[in-house]
Amino acid sequence: MKKYFIPAILVATLIVFSNCHSSKKITAAPKITYQAGVQTLVINNCSPCHFPEKNGQKKSLNNYTAVKDNIDEILHRIQLNPTDKGFMPFKHPKLNDSTITVFKQWHDNGMPEN
């Protein structure tokens, strides 16, 4: 009897644990691209200073290439405290953490355009 009891317990345990799983599907976070995320943030937070067509007189950030080429500086400056030299956006409140995270994730994902 004992020689059947232990294997039966092991088989029952295996069946129970093999059926334990989450029925929720795990979906990947949407891919952040320049056109689907970053562009709007740049327009909303860097205009008019960095948009020549809007009378901006600072480094232009009005297109994908300009933002991509300057992303390291952008990340550095938007993470500074408002009292630090070089803080951006100049004369505006610090960007919220979720906005800064979008820039970081875009950078970390290779800065895709679309």
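Just a few scattered comments:
- Subset tally (residues that are under 17 Å from Pro48 (Cα atoms) and either touching a Ser or Thr at 6+ places or on another chain (Cβ under 9 Å) or surrounded by 14 or more Cβ atoms within 10 Å (Cβ to Cβ) (or both)) for the stretch 78-93: 4
- Of all residues in the stretch 46-79, those that are touching a helix residue (DSSP H, G or I) at 6+ places or on another chain (Cβ under 7 Å) and either touching a residue at least 12 places away in the same chain (Cβ under 8 Å) or over 21 Å from Asn114 (Cβ atoms) (or both) total 9.
FYI, it's all coordinate maths here, none of it is from the lab. Just so it is clear, the model here is predicted, and its values are computed rather than measured. Methodologically, a virtual Cβ is constructed for each residue, glycine included, from the backbone with ideal geometry; neighbour enumeration extends over all protein chains shown.
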